[in-house]
Structure formats: structure tokens, C-alpha cells
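A short reminder: the numbers here are calculations on the coordinates, not readings from a lab. Given the structure is predicted, the values throughout are model-derived calculations rather than measurements. Reconstructed Cβ throughout: ideal geometry from the backbone, glycine too, with neighbour counts over all protein chains shown.
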Amino acid sequence: MANPHAGEVALVVDGKRLVLKLTLGALAELEEQLEADGLPALVERFEAGGFRARDVLALLCAGLRGGGWTGAPGDLARAEIEGGPLEAARVAARLLVLAFRPPA
């Protein structure tokens, strides 16, 4: 079960419910993979609705790795995501929100 207080989000991939979390290592992987101008630029893209499919895929992969998944981006690209691309984008955005929200 995903714990939003711990920054976790759930996603159903190929019929399996997986937990995603943006750990520090996952965030570093994300920065490197996207060759972004930093994570604030990625957050801004999501807030403005200017994100790309590549952003969503990279975010989900990083979050899945943070949750213990050992797959590769190609595995996720070929997978069936319950809820389709819209759900994938929603989960990616939620991951960012939870990773960068101030502590309660």
C-alpha cells in the first residue's frame, strides 16, 4: 500500500500494483536521464502543463526504482498502465508534488 505521507504513490503496471517513491537516488537518476536544468525546471513544466511523454516515462521509472523496481525504461514503455497515459501523467505529477512538499 502506498503511503502518501512517505511520498509514495501507487500505479498498476501490467496488472500489478507497484509503489513509486522519489528517493534522493531516484531524483539524481531523473536529473541525469532528462539532462534537465534541474528539478525545479521539471516541476515548472508539469505545473504549466508543458511536460512531454519522455518526462512522464522518466519520472515513473525513477519513482519505480525508488520503490524497489528493477526494470528498465523500455520495459515500462511497453507495459500496460492501468488508466493509460492520463493516469501515468497524473501519477508522475503526484510524485513531484509529494517529493517537494514542505514537511507537515
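Some values worked out for this structure:
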{"quantity": "Computed E for Arg101/Asp14 - FRET, C-beta separation, R0 22 angstrom, nearest 0.05", "calculated": "0.15"}
{"quantity": "Inter-label distance, nm, simple model (7 Å from Cα along the C-beta direction), Gln33/Met1", "calculated": "2.8 nm"}
{"quantity": "Fraction of alpha-carbon pairs over 15 Å apart in the chain - percent", "calculated": "57 percent"}
{"quantity": "Residue order, fewest to most surrounding Cβ atoms within 10 angstrom, among Lys16, Lys21", "calculated": "Lys16, Lys21"}
{"quantity": "Fewest-first ranking of Glu29, Glu82, using other Cβ atoms within 10 Å as the exposure measure", "calculated": "Glu82, Glu29"}
{"quantity": "Helix-only mean residue ellipticity at 222 nm for the chain, each DSSP H run of n ≥ 4 adding -39500 (n - 2.57), per residue, nearest 500", "calculated": "-17000 deg cm²/dmol"}
